[in-house]
Every structure is written in C-alpha cells, then in structure tokens.
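First up is the structure itself, then whatever we jot down about it.
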Amino acid sequence: MNTVSTKIKLRAIANDKFYTPLKLVKIHLDKFDIHNAIIYEPFKGTGNYYNMMKEKYTDCNVIYSEIDEGLDFFDYHEKVDYIISNCPYSIIDKVLEHSVSLKPKIISYLIGFGNLTTKRIEYMNKYGYYIIDFHLTKVWKWYGMSLIVSFSNEVDKNIISFDRIVHR
Ligand SMILES: C[S@@+](CC[C@H](N)C(=O)[O-])C[C@H]1O[C@@H](n2cnc3c(N)ncnc32)[C@H](O)[C@@H]1O
C-alpha cells in the first residue's frame with residue numbers, strides 16, 4: 001500500500017473539508033442548463049458551489065445546508081429539483097440514501113473516483129436513479145482521480161456498464 005492511501009485508511013477522523021477549485025465548480029455546473037427550479041447545495045463549505053449557483057441560475061431558488069452553520073443535510077426533508085455538490089466522502093452511503101429520499105430530478109456529486117463502487121451504483125438504480133454523466137478529473141493534492149457523477153430519475157439505464165463478478 002502506498003503512503004498516501006495508508007495515511008487515509010489510518011486517520012482517526014475523516015477529513016471531509018475539501019473545497020472545490022472554482023474552475024472545476026464551473027465545469028460541474030455548466031453541465032446543467034437549469035431554469036425555474038429548486039437547486040440544493042447540501043454541503044456548502046466556503047460557498048464555492050453555492051455562490052456560483054446563485055450567479056449562474058438566476059431564475060432558480062438556490063438553497064444550501066452546512067453543518068458548520070448549524071444546518072444539517074440530514075435534517076432537510078423538503079422537495080428539491082437538483083442536488084449538486086462535492087460531498088463528504090466518509091459518509092457517502094448516508095449521503096446517497098438521503099439524497100434519494102428527497103426525490104430530486106438530478107443528483108450530481110463530485111466524489112473520489114474510487115468512491116463510485118458497483119454496490120453504490122446498484123443502490124442508486126434500485127431507487128430509480130441512473131448515471132447520465134461521468135466526468136473524470138484531477139485536483140492537485142487530492143487523492144487519486146476525482147469524478148463528477150450525475151444520476152437522473154428520468155432515464156432507465158446507466159451510460160456505463162459493469163459486472164459484479166470477482167474475477168480470478
Ligand atoms: C468536501 S467539503 C465540500 C464543500 C463544498 N461543497 C465545496 O465543494 O467546496 C464538505 C462540506 O460538507 C460539510 N458537512 C459535513 N457533514 C454535513 C452535514 N451532515 N450537513 C451539512 N454539511 C455537512 C463539511 O463541513 C464540509 O464543509
């Protein structure tokens with residue numbers, strides 16, 4: 001195992017505070033031409049997504065939560081149309097579960113490439129969400145490759161394929 005992955009595995013408290021470079025936030029948001037909708041940034045951090053969303057989607061209602069401001073994503077239960085963010089990777093299963101429960105049209109997260117397991121894709125598919133966009137990227141000093149993955153509940157097929165065999 002290399003040093004970086006050992007450090008990540010052994011650290012006592014997950015460091016989930018990675019703030020997305022603005023150029024990458026723009027690439028992420030440019031994927032969506034959104035009008036008259038409720039857009040939710042559940043993990044605002046310093047506001048890199050939230051501020052750009054407000055600037056870009058001027059006829060939308062842009063809302064956010066951030067635990068450090070006393071607004072917990074898991075306490076939010078209102079209907080939203082789009083969920084877009086870079087989420088805390090250490091609680092990704094809980095994040096996907098709660099995202100699905102809000103029944104948005106689109107769930108789109110920037111995550112570590114290694115975080116997108118077949119199990120998680122199957123979980124999303126089970127709740128009617130399929131991958132419509134898959135964008136690999138690299139952020140300086142972030143571990144491995146990063147991935148913008150977008151799920152929609154308006155299609156019935158992933159744009160990528162996989163199997164669940166453990167090949168030997
Ligand atoms: C990976 S950072 C991303 C911040 C921002 N989305 C960005 O891309 O720059 C994740 C953020 O989620 C916040 N967070 C963690 N758990 C949360 C929760 N349950 N509800 C709301 N925010 C939470 C952390 O405090 C942190 O600011």
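The values are calculated or read from the model by the stated rules, or taken from the named source; none is laboratory data. Being a predicted model, the structure only gives us computed values, none of them experimental. Positions of Cβ are backbone-derived with ideal geometry, glycine not excepted, and every protein chain shown enters the neighbour counts. Each accessible area value is taken on the protein alone, full model and side chains, heavy atoms only, with ligands, DNA and RNA left out. Shrake-Rupley method; radii C 1.70, N 1.55, O 1.52, S 1.80 Å.
A few remarks follow.
- The charge dipole of the chain, taken about its Cα centre with unit charges on the Cβ atoms of Lys, Arg (+1), Asp and Glu (-1) only, comes to about 840 debye.
- Protein-only accessible surface order, largest first, of ASP16, ASP163 at 1.4 Å: ASP163, ASP16
- Length-normalised contact order for the chain - Cα pairs under 8 Å, 6+ apart - percent: 17 percent
- Ordering of 99-105, 73-79, 145-151 by burial proxy (mean other Cβ atoms within 10 Å per residue, highest first): 145-151, 99-105, 73-79
- Carbon/sulfur fraction of accessible area - region 16-152, other protein chains in place, 1.4 Å, %: 54 percent
- FRET efficiency for ASN36 and ILE91, using Cβ-Cβ distance with R0 set to 30 Å, rounded to 0.05: 0.45
- If you wrap region 16-152 in the convex hull of its Cα atoms and look at it from every side, the mean projected area works out to 7.5 nm².
- Segment LYS23-ASP68, length gained on full extension (0.36 nm per residue, minus Cα span): 13.8 nm
- Applying 1/(1 + (r/R0)^6) with R0 = 30 Å to the Cβ-Cβ distance of ASN61 and PHE134 gives a FRET efficiency near 0.60.
- Protein heavy-atom accessible surface, 1.4 Å probe, per residue over the chain: 59 Å².
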